[in-house]
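See structure below.
The values are calculated or read from the model by the stated rules, or taken from the named source; none is laboratory data. Predicted model, so just to flag it, every value in this text is computed and none were measured. We place every Cβ from the backbone using ideal geometry, glycine too, and count neighbours over all the protein chains shown. Side chains are part of the model used for accessible areas, which takes the heavy atoms of the whole protein and leaves out ligands, DNA and RNA. Shrake-Rupley method; radii C 1.70, N 1.55, O 1.52, S 1.80 Å.
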Amino acid sequence: DGRLTFYPGNQTVALPFINFMKRYGTIFLKAYTNSPICCPSRAAMWSGLFTHLTESWNNFKGLDPDYVTWMDLLQKHGYHTKKFGKVDYTSGHHSVSNRVEAWTRDVDFLLRQEGRPMVKLTGNKTHIRVMETDWQNTDKAINWIKEEAINFTEPFVLYLGLNLPHPYPSPSTGENFGSSTFLTSPYWLKKVSYEAIKIPKWSSLSEMHPVDYYSSYTKNCTGDFTKEEVRNIRAFYYAMCAETDAMLGKIISALRDTGLLKRTIIIFTADHGELAMDHRQFYKMSMYEGSSHVPLLIMGPGIKQRHQVSDVVSLVDIYPTMLDIARIPVQQNLSGYSLMPLLLEEAENEVSTRKPRPPWVLSEFHGCNVNSSTYMLRMDTWKYITYSDGNSVLPQLFDLSADPDELENIAMKFPVVAHSLDKILRSIVNYPKVSSSVQEYNKRQFISWRQSLGQNYSNVIANLRWHQDWLKEPKKYEDAIDKWL
């Protein structure tokens, strides 16, 4: 959650290495994902293109495997390149459930797609390596820096993709039941200030926006939660953030130990945030701040220190920024804009041939847990969210300066603002047409999948993550699918 990286969010948990980057680098106060879910978001970051251009519609469908990423271009221009950990931009390791849930989101039924979020403590007060896979990948990156990067005469680019801070798959029911356990150890939980944890205000279920209600239901969050449960989910999430911060610290230390820190640019960001019970939801897939607002910090030679940038930026800006750093000509057809003009101590004399950075960012979502394609335009103090064709579902408008918690939808109160933002959005993307394309794609994919299973498809669905609801009335849900098709 990008709000953790600056005041007041950072009062909740100790993040010493994030703070180190803030002190010696630049922090972006308004950085957003271009799609609040793993694979589509990463597809945007690695391609520099918006989601409707990559057609990365869900967690299974990303970039073509042979797509030329910014790292490929850097390699062509003489950089040593290395990737460790989670990459996920062509297709994620995502279950059949994930796909079927995304394809069938337009079906007129409500089925829980997740296990109820819960917390779990593991180990003791000295147990540091909770997410062992991430630590192993961090170890590999450190060894690569110390044993290989230190000897290079040409520049290098190293990518380390961590899974934390991310809820764990519920171990009791296997992968298909969904990721819903916030897991940490007493060592990391000590870093969290329980008193500083804000309990989010929830609308009543009857007052929720219909898309929010669908999301909350599919995420199994419409039941009763005590304040203690909510506080614990948030505390455990923050503890997972502290563990992530420690891995960042290991990379910074490795660069310092090898003498590379002063001549290396470090970028820290995330593919999406975590709602952690904001708006009666956990996970991502939402345009609310907890899910769509990401951290973005950059430090290194020539980059302003203790600098805060309040311009809105997004992950598609990473691609042109990487090319800019490497002094590779930036392509003209990208959705993103280089961040370097906002970062550098001294403005470079070269006159950019690129158009000036627009005053807005775009995010969109087409995957599971949401029953409509969603589009968000962030501009000035406004956040405008619209759905599907723009008519069948009510849009939302929030003034983030007056209402940072996004509790009051003022689209009806400020129709001129809503209309103006919608006009800008339509100039960027013909979103009713994109929504229609996604609907057709979902149907084609589902029909193809169903045909591959023959008569057995209902039994297969009955064993996916929504089995608890499906098994109660399978005929009802089969009929709903037939009606949709």
Filtering segment 67-94 for residues that are more than 27 Å from residue 331 (Cα to Cα) and out of contact with any Phe, Trp or Tyr (no Cβ under 9 Å at 6 or more places or on another chain) leaves a count of 1
Within segment 134-148, of all residues that are of a type outside the set (Val, Ile, Thr) and surrounded by 20 or more Cβ atoms within 10 Å (Cβ to Cβ), the one nearest to residue 168 (Cα to Cα) is 134
Counted residues in segment 267-284 being assigned to a loop (DSSP other than H, G, I, E, B) and either open to solvent by 10 Å² or more (accessible area, probe 1.4 Å) or not assigned by the TED database to the domain that holds residue 69 (or both) come to 4
Based on this model, can you work out whether residue 76 counts as of a type in the set (Lys, Arg), open to solvent by 20 Å² or more (accessible area, probe 1.4 Å) and touching a residue at least 24 places away in the same chain (Cβ under 8 Å)?
no
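Being at pLDDT below 95, open to solvent by 10 Å² or more (accessible area, probe 1.4 Å) and out of contact with any Gly (no Cβ under 8 Å at 6 or more places or on another chain) is true for just one of 308, 332. Which residue is that? Step through it out loud before you land on a result.
Numbers: 308 fails: at pLDDT below 95.
Being at pLDDT below 95, open to solvent by 10 Å² or more (accessible area, probe 1.4 Å) and out of contact with any Gly (no Cβ under 8 Å at 6 or more places or on another chain) holds for just one of 308, 332, which is 332.
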Restricted to segment 278-335 and to residues being more than 21 Å from residue 46 (Cα to Cα) and β-branched (Val, Ile, Thr), the residue nearest to the chain's Cα centre (by Cα) is 309
Residue 142 fails exactly one of (1) more than 16 Å from residue 470 (Cα to Cα); (2) of a type outside the set (S, T, N, Q); (3) part of a loop (DSSP other than H, G, I, E, B); (4) in contact (Cβ under 8 Å) with a residue 12 or more places away in the chain, namely (3)
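Considering only segment 98-128, state which residues are open to solvent by less than 10 Å² (accessible area, probe 1.4 Å) and either under 26 Å from residue 225 (Cα atoms) or in a loop (DSSP other than H, G, I, E, B) (or both).
Pass one, segment 98-128, residues open to solvent by less than 10 Å² (accessible area, probe 1.4 Å): 100-102, 104-105, 107, 111, 113-115, 117.
101, 104, 105, 107, 111, 113, 114, 115, 117 - these are the residues of segment 98-128 that are open to solvent by less than 10 Å² (accessible area, probe 1.4 Å) and either under 26 Å from residue 225 (Cα atoms) or in a loop (DSSP other than H, G, I, E, B) (or both).
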Tell me, please, whether a residue that is modelled with pLDDT of 95 or more and surrounded by fewer than 22 Cβ atoms within 10 Å (Cβ to Cβ) can be found in segment 346-358.
yes
Apart from one, (1) modelled with pLDDT of 95 or more; (2) hydroxyl-bearing (Ser, Thr, Tyr); (3) within 28 Å of residue 388 (Cα to Cα); (4) open to solvent by 30 Å² or more (accessible area, probe 1.4 Å) all hold for residue 51; the odd one out is (4)
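For residue 464, are the conditions met, namely being touching a helix residue (DSSP H, G or I) at 6+ places or on another chain (Cβ under 7 Å), within 18 Å of residue 392 (Cα to Cα) and not charged (D, E, K, R)? Don't jump to the end; show me each part of the working.
Values: touching a helix residue (DSSP H, G or I) at 6+ places or on another chain (Cβ under 7 Å): yes; within 18 Å of residue 392 (Cα to Cα): no; not charged (D, E, K, R): yes.
So residue 464 fails the test.
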Only one of 96, 100, 119 is β-branched (Val, Ile, Thr) and over 21 Å from residue 163 (Cα atoms), namely 100
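Within segment 288-392, considering only helices (runs of 4 or more DSSP H) that don't extend past its boundaries, which have at least 2 residues that are without any contact (Cβ under 8 Å) to a residue 24 or more places away in the chain and not polar (S, T, N, Q)? Don't jump to the end; show me each part of the working.
Numbers: elements: 289-292, 318-325, 340-343.
Once the helices (runs of 4 or more DSSP H) in segment 288-392 are filtered for at least 2 residues that are without any contact (Cβ under 8 Å) to a residue 24 or more places away in the chain and not polar (S, T, N, Q), what remains is 340-343.
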Looking across segment 403-427 at residues that are assigned to a loop (DSSP other than H, G, I, E, B) and open to solvent by less than 80 Å² (accessible area, probe 1.4 Å), the single one that is farthest from residue 100 (Cα to Cα) is 403
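Here is a yes/no grid of residues against (1) of a type in the set (A, V, I, L, M); (2) within 20 Å of residue 214 (Cα to Cα):
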| site | (1), (2) |
| --- | --- |
| 74 | yes, no |
| 81 | no, no |
| 85 | no, no |
| 89 | no, no |
| 99 | no, yes |
| 106 | no, yes |
* Is it the case that residue 445 is in contact (Cβ under 8 Å) with a residue 60 or more places away in the chain and open to solvent by 50 Å² or more (accessible area, probe 1.4 Å)? -> yes
Filtering segment 247-266 for residues that are open to solvent by less than 20 Å² (accessible area, probe 1.4 Å) and either outside the structural domain of residue 34 (by the TED database) or part of a helix (DSSP H, G or I) (or both) leaves a count of 6
Given the conditions (1) free of Cβ contacts under 8 Å to residues at least 24 places away in the same chain; (2) open to solvent by 60 Å² or more (accessible area, probe 1.4 Å); (3) closer than 21 Å to residue 272 by Cβ, every one holds for residue 398 apart from (2)
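Kindly check whether there is at least one residue in segment 457-466 that is at pLDDT below 95, open to solvent by 60 Å² or more (accessible area, probe 1.4 Å) and within 20 Å of residue 113 (Cα to Cα). Show your work before the answer.
Narrowing segment 457-466 to residues at pLDDT below 95: 457-466.
Now restrict to residues that are open to solvent by 60 Å² or more (accessible area, probe 1.4 Å): 459, 463.
In the following step, the residues that additionally are within 20 Å of residue 113 (Cα to Cα) were identified as 459, 463.
Yes, that holds for at least one residue.
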Given (1) over 18 Å from the mean Cα position of the chain (by Cα); (2) closer than 24 Å to residue 357 by Cα; (3) open to solvent by 20 Å² or more (accessible area, probe 1.4 Å), residue 16 misses just (2)
The residue from 291, 253 that alone is over 21 Å from residue 398 (Cβ atoms) and of a type in the set (S, T, N, Q) is 253
